[in-house]
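The values are calculated or read from the model by the stated rules, or taken from the named source; none is laboratory data. A quick note: this is a predicted structure, and the numbers were derived from the prediction, not measured. Note: ideal-geometry Cβ built from the backbone for every residue, glycine included; neighbour counts use all protein chains shown. Each accessible area value is taken on the protein alone, full model and side chains, heavy atoms only, with ligands, DNA and RNA left out. Shrake-Rupley method; radii C 1.70, N 1.55, O 1.52, S 1.80 Å.
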Amino acid sequence: MNRNSLGREIPDGFYPYDGSEPAQARRPIAMKATPKAPIFLHTISDVFDALDVKDGMTFSFHHHLREGDKVLNLVMAQAAVYGLKDLTIAPSSIFPCHQPLVPLLDSGVVTGIVTNYMNGPVADAVTAGKLQKPAVMDTHGGRARAIESGDLPIDVAFLAVPRVDAFGNGTGRFGKSACGSLGYLDPDLHYAKKVVFVTDERVDELIKPDLDGRYVDYVVTIDSIGDRAGIVSGTTRITKEPVGLKIARDAAAVIDGVGLLKAGFSMQTGAGGTSLAVVADIRKLMIERGIRARFASGGITAQYVEMLEAGLVGALKDVQDFDLDAVESLSRNPKHEAITASQYGNPRYRPAPLVDDLDFVVLGATEIDLDFNVNVTTDSEGKIIGGSGGHADTAHGAKVCVVVTNLVKARLPIIMEKVTTVTTPGSDIDVLVTERGIAVHPRRTDLFDRLRGSGLHILPIRELMDLAHAITGIPVRPTQTGRIVALIRYRDGSIIDVVRTKRP
Amino acid sequence: MRTTLLFIPGNHPAMLQNADVFGADGIILDLEDAVAATEKDAARALVGEYLKSWKLDTPELLVRVNGLPSGWFEADLEAIACDRLSAIVYPKAGVEELYEVDRILSEVETRHHLNHPIGIIPIIESAQGVVETDDISYLPRLKGMLLGGEDLSADMEISRTREGAELAYPRARLSFACKAAGIDAIDTPFADVNDAEGLLADARTARSLGFTGKAVIHPNQITTIQQAFCPDPKEIFWARRVIAAAADAAKKHQGAFSLDGKMIDKPVIKRAEGILLRAGITDRATADEPK
């Protein structure tokens, strides 16, 4: 065992995290273009027959249909029928709808998982140690880096595509299962050894396809790739909850107070109720002062679409869509641009990923510690409940990273001496906003100076933790001493932390 | 200063936990209408424990108790009596009952060895209460009076409206009585928690009638009420100039003087001082004109 620079134990054979700045250098492998036109098939079974599938392969998927996705389950059910074993799956995220995977973990069909986020029964099974190999949990940008650099070799990419034409070109903007931007599948399309488009709508020709058919080996048309209503799986309404609104008001005041709200700024926020409330407050200030933002990025919601249409935001840089208003906007508004996972957050993307151009990002936290390290991967008992997604990417890239969270959730203090699992290093977190006060990372004396005299309640993070303890007492935290069930891979490929089972 | 007094149901631990974070001047922990009869015991224990064991600083803490006729009043007092309790908020108040409340409070204070007396903020929410406002205002222990518009309207068999014209008389009567007695006049809550515009107008009306604050039934109402009660930047600018000009005039031994062509005398200076006081401004130097 080694220890990385955050003091976390990392198993031998992995590259330990050593700071968020020097990304591990590795040149991209060559892209692969298919020499001939794709072959059109009728069933997933036909595809398996056509492909030389073997035990031990890696199949990848994307999560743009989110909780409505059917493709992953269909393909893996076929893999089980085929009697395949020891497969690694690499979906960009795993949701509760992927519950049918759980028995495949038990039976050894699936023995490895590489993903950016997992929540629900599969995450529970991984936490319980049902996956033979440790799962690898990437960031959104880190997954693109891993695929393009060869760290994550993909044998077959099974990619749900809402509309495909006769040349194998595809788009997510249109079709009965239109889900908008398909940003996360871009590295799979270009770097997987074999690419299969799974669609439920075939047309003769797409005028402006998003996905280039030259990279596609097979196209299979099935009845339904999923339920697009399932993309609305997060909170997409502004919170009415008073604590959340107070946190949002203070977060907007911080962003304003440090001087970020000026003409041409850029921003990203999550899709949670509090983050949406921050955007609503920022929007009010923008209207009052006649300020226009250059762009907003990330997962796009109706709220950002409204701001684009009101002329408050110059462009939307869309890597995925969180509601159907966003999907519809992408299909008709040229200022609403789809971007790829690499363009969005790959630390090796040149000249620079979009996250590096963000003035600020507003993120959540399941836990945050006295070094400002953030956990959005596990709960305090070490159960996997999420993952980085774009958290670590945007936190590193943005000039100011603001974390918003309740100080106490479900009777547990959110600030602790050491987080259960590090998802995002504290060196990339600048400000923490809670309902009982705001903590600024000691490294950011510039922000602290700007907020002095703002009337905001700013105090050291340890004092905020003490306030929480005055309410909850000091909780006894369980320790995880068992075998490693997941490796948390930072965006540069180094291992920032591990998740263990509770007991050996 | 009791510009905002936030009602928090006494049987809701999660709300109690965050009651102090919203910037209200006082928190009214409610044991009365917000709590069903079957929940009274639990709420009483929870509120009592909160008052006695909450470790963080809080704004002023008050408790709306159940009234004497309910039969729960004395049990409520026994559970909540402590030095952290600033005052009880007493429902459907009348003069005779408040004398009895005063007597019981004295006994409780002695029994619990309290270091300071428990105040009373009666809720004027019946026609009888409105008629007795002048007498009530001079009773001992009073820190203010709170108008209860909903119960009052029910008692009067009239409807509440968004504009609140039906409350013009009791509002005026209560605010005058409080001013005369030197206690706070606290306006009735605004019931529609989703109507910020209506709340702002309602709070401004209350302020214009001389109320010093307003009861709050949802934390999201607090900033709107503060906005209505806090003088706006133009008023503050004007007040600062009046005070500065008054200081100059005093040096010249002038009783009255002119500012922007208008006569400034003692009542105007007093009003300017009141504006700065309400804005919490102690530094009276003239600032730049607001844009």
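Structural remarks
- Size of the range B:22-140 as Cα extents on the principal axes (Å, biggest first): 42, 33, 32
- Per residue accessible area in Å² of the protein assembly as shown, where ligands, DNA and RNA are left out and the probe is 1.4 Å: 41 Å²
- Considering only the range A:90-236, percent of DSSP beta bridges that pair antiparallel, nearest 5: 20 percent
- Cβ-Cβ distance of B:ASN115 and B:GLU49, R₀ of 30 Å, FRET efficiency by 1/(1 + (r/R0)^6): the value works out to about 0.90.
- Between the range A:38-115 and the range A:312-330, the alpha-carbon centres lie 29 Å apart.
- Cα-centre dipole for the range A:42-231 with unit charges at Cβ (Lys and Arg positive, Asp and Glu negative), debye to 20: 300 debye
- Listed residue (A:ALA296, A:ALA310, A:SER454) projecting farthest to the positive dipole end of the range A:234-480, Cβ model: A:SER454
- Using 0.36 nm per residue and subtracting the Cα-Cα separation, the extra length available between A:ASN2 and A:GLN99 on full extension is 31.5 nm.
- Under 5 Å from the amide H of B:TYR90 lie the amide H atoms of B:ILE121, B:ILE123, each residue being 5 or more positions distant or on a separate chain, with H modelled from the backbone and absent for Pro and chain starts.
- Helix-derived mean residue ellipticity, 222 nm - over chain A, DSSP H n ≥ 4, -39500 (n - 2.57), to 500: -7000 deg cm²/dmol
- Other protein chain Cβ atoms within 10 Å, averaged over every residue that makes up B:67-79: 0
- Note that the range A:42-231, at 37 °C in a medium of 0.692 mPa s, gets a Stokes-Einstein diffusion coefficient of 202 µm²/s from its Kirkwood radius over C-alpha pairs.
- Amide H contacts for A:VAL313 (H built 1.01 Å from N in the peptide plane; partners 5 or more residues away or on another chain; cut-off under 5 Å): A:ALA293, A:LEU308.
- Couplings 3J(HN,Hα) of the range B:228-235, computed from phi: 5, 8, 7, x, 7, x, 5, 4 Hz, in residue order, whole Hz [Karplus 6.51 cos²θ - 1.76 cosθ + 1.60, θ = phi - 60°; x for Gly and Pro].
- Here the accessible area of the range A:234-480 is 52 percent carbon and sulfur, with a 1.4 angstrom probe and all protein chains present.
- Accessible surface of the range A:42-231, 1.4 Å probe, proportion on carbon and sulfur as whole %: 50 percent
- Counting Cβ atoms of other protein chains within 10 Å of each Cβ in A:240-253 and taking the mean gives 3.
- Computed magnitude of the charge dipole of the range A:234-480 (debye, nearest 20; Cβ of K, R +1, Cβ of D, E -1): 300 debye
- Sequence-separation-based contact order of chain A, relative, with Cα cut under 8 Å and 6+ spacing, percent: 17 percent
- Chains B and A, summed buried accessible surface - 1.4 Å probe, Å², nearest 100: 1100 Å²
- Cα pair distances exceeding 45 angstrom across the protein assembly as shown, given as percent: 38 percent
- Note on the range B:1-49: the C-alpha convex hull projects to 3.4 nm² when averaged across all orientations.
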